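Down below is the structure, laid out as structure tokens.
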Amino acid sequence: MKIRKKAIIDKNYCVACGTCIKECPLNLISIEQGVFAKVNLEKCVGCGKCAKACPASVIEIKSMEECI
């Protein structure tokens, strides 16, 4: 069985810079309320490009079991 992974953003520390939005190849990240980034978890494939690009290091790639 393939383990599905997702990008999880710690909205308490996100600075809403938009870097992750530019890096997401599927355009699944948006800025919510002008304050933090949010990932569409239903469609996220967990590629990790957003996490690598995040200057605040607040994005982690986690397995679905950790996301619940």
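The values are calculated or read from the model by the stated rules, or taken from the named source; none is laboratory data. Predicted, not measured: the structure shown is a model, and the values here were computed from it. Virtual Cβ from ideal backbone geometry, glycine too; neighbours counted across all protein chains shown. Only protein heavy atoms, including side chains, enter the accessible area calculation; ligands, DNA and RNA are left aside. Shrake-Rupley method; radii C 1.70, N 1.55, O 1.52, S 1.80 Å.
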Quiz prompt | Relative counts (whole %) of C-alpha pair distances in the chain, using bins that are 5 Å wide | solution = 3, 20, 32, 25, 14, 4, 1, 0
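Using Cα pairs under 8 angstrom and six or more residues apart, how large is the relative contact order of the chain, in percent?
46 percent
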Quiz item: How much mean residue ellipticity at 222 nm does the chain get from its helices, if each DSSP H run of length 4 or more adds -39500 (n - 2.57) and you divide by all residues, to the nearest 500 deg cm²/dmol?
Solution: -3500 deg cm²/dmol
Practice problem: Calculate the dipole size of the chain relative to its Cα centre from +1 charges on Lys and Arg beta carbons and -1 charges on Asp and Glu beta carbons; express the result in debye to the nearest 20. | Solution: 240 debye
Exercise. Roll a 1.4 angstrom probe over the protein heavy atoms and tell me the percent of accessible area of the chain that is carbon or sulfur.
Key: 51 percent
Quiz prompt | Heavy-atom surface of the chain, accessible at 1.4 Å and reported per residue (Å²) | solution = 72 Å²
Quiz item: Under the Karplus relation 6.51 cos²θ - 1.76 cosθ + 1.60, θ = phi - 60°, what is the ordered set of whole-Hz ³J(HN,Hα) values for the stretch 30-43, x standing for Gly and Pro?
Solution: 9, 8, 9, 6, x, 10, 8, 8, 9, 9, 6, 5, 5, 10
